[in-house]
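**Student:** Below is the structure I would like to discuss, written out as structure tokens.
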Amino acid sequence: MARRFLQDSDYSDQIRDEIRNLLDDSDDSRLLRQAEHKTIAQMRNWLTSRYDCDKIFAPAIEGEPDTRDAFVVMIAIDITLYHLWSKERGKIPQIRSDRYQDALDWLKSVGNGETIADLPAKPQDDMTGGVQIYSLYKPNNNKY
């Protein structure tokens with residue numbers, strides 16, 4: 001079984017096991033895994049231009065200190081739970097909608113560079129360099 005960024009124990013702060021089991025009634029938690037996969041893809045789309053997503057979404061290793069960012073784990077759970085609730089059309093609790101919107105707002109703000117997150121930066125060699133200006137027109141010599 002592949003290691004996952006989100007662990008089953010991470011969910012206990014935000015949702016009771018009984019509710020989580022109602023949202024994903026599959027024996028192998030297939031729906032939960034699919035929602036987690038969508039969540040990580042969604043978060044990567046916003047963070048990848050500025051941050052090292054491979055480090056951010058590295059799974060915790062059993063027996064070693066947990067190096068995952070607690071805030072990233074929290075919003076990943078918020079987004080995952082929203083995706084799970086989405087199949088229950090019209091029954092999404094307001095707290096889930098609010099937390100999902102808060103997570104999206106933070107991701108957009110960080111992705112656009114309006115907010116600086118305490119996350120591993122993308123290595124310099126991966127970043128695009130400065131601005132390059134060019135023109136289709138030949139430069140003019142404006143000496144008089």
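Coordinate-derived values only; no laboratory data. None of the values given here were measured: they were computed from a predicted structure. Note: ideal-geometry Cβ built from the backbone for every residue, glycine included; neighbour counts use all protein chains shown.
**Student:** Amide H neighbours of ALA121 under 5 Å, counting only residues 5+ apart in sequence or on other chains, H built in-plane at 1.01 Å?
**Tutor:** Amide H neighbours of ALA121, under 5 Å, 5+ apart: ASP52.
**Student:** To continue, here is another question. Compute the FRET efficiency between ASP118 and SER86 as 1/(1 + (r/R0)^6), taking r as their Cβ-Cβ distance and R0 = 25 Å, and round to the nearest 0.05.
**Tutor:** Once rounded, the FRET efficiency stands at 0.25.
**Student:** Take the alpha carbon gyration tensor of segment 58-128, find the square roots of its eigenvalues, order them as a ≥ b ≥ c, and report rounded if a/c is under 1.5; if not, report prolate when a/b exceeds b/c, else oblate. Walk me through the intermediate numbers first.
**Tutor:** Values: a/c = 2.73, a/b = 1.46, b/c = 1.87.
It comes out oblate by the Cα gyration axes.
**Student:** Oh, and also: Exposure proxy check: GLU62, GLU88 ranked by fewest other beta carbons within 10 Å? Don't jump to the answer; show the numbers that get you there.
**Tutor:** Details: GLU62 8, GLU88 11.
Ascending number of Cβ neighbours within 10 Å: GLU62, GLU88.
**Student:** Shape verdict for segment 8-123, please, from the Cα gyration tensor: rounded (a/c under 1.5), prolate (a/b greater than b/c) or oblate. Write down the numbers at each step before the final one.
**Tutor:** On the way: a/c = 2.11, a/b = 1.38, b/c = 1.53.
Oblate is the answer for segment 8-123, as a/c is 1.5 or above yet b/c matches or exceeds a/b.
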